[in-house]
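The values are calculated or read from the model by the stated rules, or taken from the named source; none is laboratory data. Nothing here was measured: the structure is a model prediction, and the numbers come from that model. Every residue, glycine among them, receives a Cβ derived from its backbone with ideal geometry; neighbour counts consider all protein chains shown. We work out accessible area using only protein heavy atoms, side chains counted, and drop any ligands, DNA or RNA first. Shrake-Rupley method; radii C 1.70, N 1.55, O 1.52, S 1.80 Å.
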Amino acid sequence: MGLLSLGTPLDWHESKQHNEHVREHGIAQLINIFAQHSSRDDDRFLWGDEVEYMLVDVDDADHTAKLAIDYDHILDDLNDPTKAGPKAEAANVSFHPEYGRYMLEATPLRPYDGDCVADYVYIEENMEKRREVAESELPKNIVPLTITTFPRMGCPQFTSPPAKPIGPASQSLFLPDEIINRHARFPTLTANIRKRRGHKVAINLPMYPDQHTKLLDDSIPRDRGLFPSDAEPHLGASKPGHVYMDSMGFGMGSSCIQITMQAANIDEARYLYDALAPVTPIMLALSAAAPMFKGYLVNQDVRWNVICGAVDDRTFLERGVDPYPGYHLTGGMDIDPQRHLTKHATNHTINEYGDISNLKTNDGKPIQRIPKSRYGSIDQYLGDGAVTGYFRDDYNDINPPLNRKVLERLQQQSGFDKLLAQHFAHLFIRDPLVVFSERVNQDDTLDNDHFENLQSTNWQTLRFKPPALYPEGTDLTKVPGWRVEFRPMDLQLTDFENAAYSTFIVLLSKAILKFRPNLYLPISKIDTNMDWAHGVDSVIDQKFWFRSLRKWNLRNSDFIGYDLTWFDRYTNKGNDVAGYLNGYSRNGPVKEEASSTDEDGEVDTIVDDYDEVDSDGHEKRYTVAEIFNGTDKFPGLIKLAIKALATEVLPASEQGHCNCAKLEAQVVRIKYYLMLLSYRASGKIPTTAHWLRDHVTHHPDYRHDSKVSQTINYDLIKLAEAVTSYDKTALEPLLGDEITSFLTGGTSA
Ligand code: ADP
Ligand code: MG
Ligand code: MG
Ligand code: MG
């Protein structure tokens, strides 16, 4: 988590009085951050991952698997210098709190070096160490697993020890408050989202339609009268044919993997952010690992929209929907409810900033129509100063609501061009969700908590991370600089897979910064892709919008040979060295393609065209296999990554071919990382979601009713355990023969 201040978190009805104060000072802090850091340059390409673990209590006598909610003390121990702290430190790992009491987040203690090839595989070793260290603090039956969602979360008795869903923080019909991290920030966050919104969050996922599926969520209690909100599913919150979830934990209690990378300077960070934006839905589809929620198979494969819904603090009015009978349009916003009583959400005029006419909170902030949850896909590109000149205004085509006051203030500041000002003016439409009473007043020249309060509760597919503020005289080359975080992906079961996805993103980012492809696609099309990426098996069945493969401003001939076969040539002796230094062709030296330059002055990547031309010819629809693996005429993301490895990451002295056994082992491992993604892109091996769904539908206990019984849940967890420990039989159907043999020592590379 970005922010875990200690102190007394204020209840929403108190904290909302400080909303404008937090925004105002947050922006003052941001301005100071820019003053301190906008001219820094030549920062090293450091990077790091974050993985979230679920502690599962596996009872082999009872054949049950449950989320373990009373081992959270190990997190304190792992950070305590007198207890397990030194063990974690010696292993170069660091443990952080997460939303769930059964969760641990772990990262490398020190970031990896993007110019050091060893670190691209060391990440896997670091991930193994995290498990080892965590396991050494736990009894044998409590297993840390990297599952994206716990299949039966929210079903009766899914926790160990048992706890009842009667908690006041979430008021959930399904999730006990005992699953929430004990730190007061987390229950307060849960309650404040509900209080601001004025009703509980409501997530409805379509059930996976099977032969005997009853298209009705029969787990919703009919007549509980503990909280007034218990009636919500019967007032319209739950939809027929859908699995209904009513609490933050369903999303924030799922797990993901995130990768943070540091760019040389602010403009490079902006370009990297923009170039990665169209890649986010592709990687979501490729990492799909969440086909089950609340004991049901659902008709989608990923967690993303669940977590978006789980922290959606928008009122009915902000969402533009009519309230449940007896509920108020403006929820718990800082506004006199009687003054603005209106029955319908839709009959308002809305200006260019998204402001609803004449409606303001008590501190004067316009009330807005807000199309997306604060957890969501990015709304705008950042542009990249003068790095590439590719950006065009019409790529930012969804006009998200902006905080006009923040926009105007930032536009008067040096260091903020229009795009940067818009970026932060959008993040600052939100209210702070948790304010600590001891931290209301801050020194804006040294603290950045108010800025981070809003920054770190805008949970988007990408995060542009500015540096922190430091006392005068600090050596800024030694502290984190401008970073970009890649956040869309589901989590995989093995360290090998999680290392593979991370390493790919980092190599691709290296390639982006070096080869400067133009990947811009209108934001609205990225949003459409995000929706499509949720679909069952979208990785092989869907065609996604992507920038026309002709328009990447790259030359295909520069990338020939940088496919998976490059690794074999690099590690096998006696090959033509020159051939693969500057591209490689099986038919001899590469002929320079006749590149054509079109009317926009852009170099065509390929000469032949594909057939599906969009109106302006810049966007088309492709399979993930085409985008990822490329074709004869077009490099694809994988060749960019491999060429970056070959020409940027490998030390110059080693670029010819490999003469060192240690380096060879590292490079071969990277080959298998990329093979994993490449094979998933082409459908040669399944996604984790596909594989999990298959296990449920073929389980002898499965009744073809979309339900995941306690026995199935137990068997899935046992299977996850077996995969996590590289059991060959369990692994093969997930990773295929070739990768399984590599991992289990069957054959050498
Ligand atoms: P958050 O939860 O706010 O995203 P974390 O601190 O949990 O942040 O994780 C951030 C990741 O960034 C970690 O993997 C860490 O190793 C890595 N990291 C730390 N410093 C840098 C840096 N200067 N550049 C890039 N990555 C960094
Ligand atoms: Mg986390
Ligand atoms: Mg973190
Ligand atoms: Mg993070």
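A few notes on this one:
- Of residues in the range 504-528 being touching a residue at least 60 places away in the same chain (Cβ under 8 Å) and of a type in the set (S, T, N, Q), the one farthest from Asp119 (Cα to Cα): Ser524
- Listed by first and then second residue, the pairs linking a residue in the range 44-63 that is within 16 Å of ligand 4 (Cβ to nearest atom) to a residue that is of a type in the set (Phe, Trp, Tyr) and part of a strand (DSSP E or B), with Cβ atoms under 7 Å apart and 6 or more places separating them unless they lie on different chains, are Leu46/Tyr112; Trp47/Tyr112; Gly48/Tyr112.
- Count of residues meeting criterion [more than 24 Å from Val302 (Cα to Cα) and in a loop (DSSP other than H, G, I, E, B)] in the range 470-518: 13
- Helices (runs of 4 or more DSSP H) fully within the range 1-115 counting 1 or more residues that are open to solvent by less than 40 Å² (accessible area, probe 1.4 Å) and of a type in the set (Gly, Ala, Ser): 12-15, 19-37, 85-90
- Within the range 116-131, being open to solvent by 40 Å² or more (accessible area, probe 1.4 Å) and in contact with a strand residue (DSSP E or B) (Cβ under 9 Å, 6 or more places away or on another chain) holds for Tyr122, Lys129.
- Close pairs (8 angstrom Cβ cut-off, 6 or more residues apart or separate chains): over 11 Å from Val133 (Cβ atoms) in the range 78-90, acidic (Asp, Glu) anywhere: Lys83/Asp76; Lys83/Asp77
- Among the residues of the range 720-741, those that are open to solvent by 30 Å² or more (accessible area, probe 1.4 Å) and of a type outside the set (Lys, Arg) comprise Glu721, Ser725, Tyr726, Asp727, Thr729, Glu732, Pro733, Asp737, Glu738.
- Scanning the range 247-269 for residues that are open to solvent by 10 Å² or more (accessible area, probe 1.4 Å) and away from ligand 1 (no atom under 15 Å from the Cβ) gives a single hit, Asp267.
- Selection of the range 673-703 for residues being closer than 18 Å to Leu508 by Cβ and surrounded by fewer than 21 Cβ atoms within 10 Å (Cβ to Cβ) yields Tyr679, Ser682.
- Pairs with Cβ under 8 Å, 6+ apart, first in the range 469-486 and more than 16 Å from ligand 2 (Cβ to nearest atom), second of a type in the set (Ser, Thr, Tyr) and outside any helix (DSSP H, G or I): Leu469/Thr445; Leu476/Tyr470; Val479/Tyr470; Val484/Thr260
- Selection count, the range 152-165, where residues are assigned to a loop (DSSP other than H, G, I, E, B) and in contact with a Leu (Cβ under 8 Å, 6 or more places away or on another chain): 4
- Boolean, Leu109 is within 16 Å of ligand 3 (Cβ to nearest atom), without any contact (Cβ under 8 Å) to a residue 24 or more places away in the chain and over 30 Å from Arg197 (Cβ atoms): yes
- Complete set of residues in the range 37-91 that are within 16 Å of ligand 3 (Cβ to nearest atom), of a type in the set (Gly, Ala, Ser) and touching a helix residue (DSSP H, G or I) at 6+ places or on another chain (Cβ under 6 Å): Ala88
- Among the residues of the range 81-109, those that are within 16 Å of ligand 4 (Cβ to nearest atom) and either more than 21 Å from Thr159 (Cα to Cα) or hydrophobic (A, V, I, L, M, F, W, C) (or both) comprise Val93, Ser94, Phe95, His96, Met103, Leu104, Ala106, Thr107, Pro108, Leu109.
- Set side by side, the residues Asp43, Asp80 differ, and just one is over 30 Å from Ala720 (Cα atoms) and within 13 Å of ligand 1 (Cβ to nearest atom), which is Asp43.
- Residue match in the range 547-556 (condition: among the hydrophobic types (A, V, I, L, M, F, W, C), within 17 Å of Glu626 (Cα to Cα), away from ligand 1 (no atom under 16 Å from the Cβ) and outside any loop (DSSP other than H, G, I, E, B)): yes
- Qualifying residue in the range 175-194 (condition: more than 30 Å from Ser437 (Cα to Cα) and either over 26 Å from the mean Cα position of the chain (by Cα) or away from ligand 3 (no atom under 16 Å from the Cβ) (or both)): no
- On the stretch given as the range 248-263, residues that are over 12 Å from Tyr99 (Cα atoms) and away from ligand 4 (no atom under 16 Å from the Cβ) total 1.
- The residue that is least open to solvent (accessible area, probe 1.4 Å), among those in the range 138-189 that are at positive phi and in contact with a strand residue (DSSP E or B) (Cβ under 9 Å, 6 or more places away or on another chain), is Gly154.
- Some residue of the range 387-405 being assigned to a helix (DSSP H, G or I), basic (Lys, Arg) and more than 24 Å from the chain's Cα centre (by Cα): yes
- Filtering Val306, Val298 for residues that are within 16 Å of ligand 2 (Cβ to nearest atom), in contact with a strand residue (DSSP E or B) (Cβ under 7 Å, 6 or more places away or on another chain) and under 30 Å from Pro228 (Cα atoms) leaves a single hit, Val306.
- Top-ranked residue in the range 120-141 [being acidic (Asp, Glu) and in a helix (DSSP H, G or I); ranked as nearest to Ser509 (Cα to Cα)]: Glu124
- Boolean, Met252 is in contact (Cβ under 8 Å) with a residue 40 or more places away in the chain and under 30 Å from Asp495 (Cα atoms): yes
- Unmet criterion (only one of (1) open to solvent by less than 50 Å² (accessible area, probe 1.4 Å); (2) at pLDDT 95 or above) for Gly415: (2)
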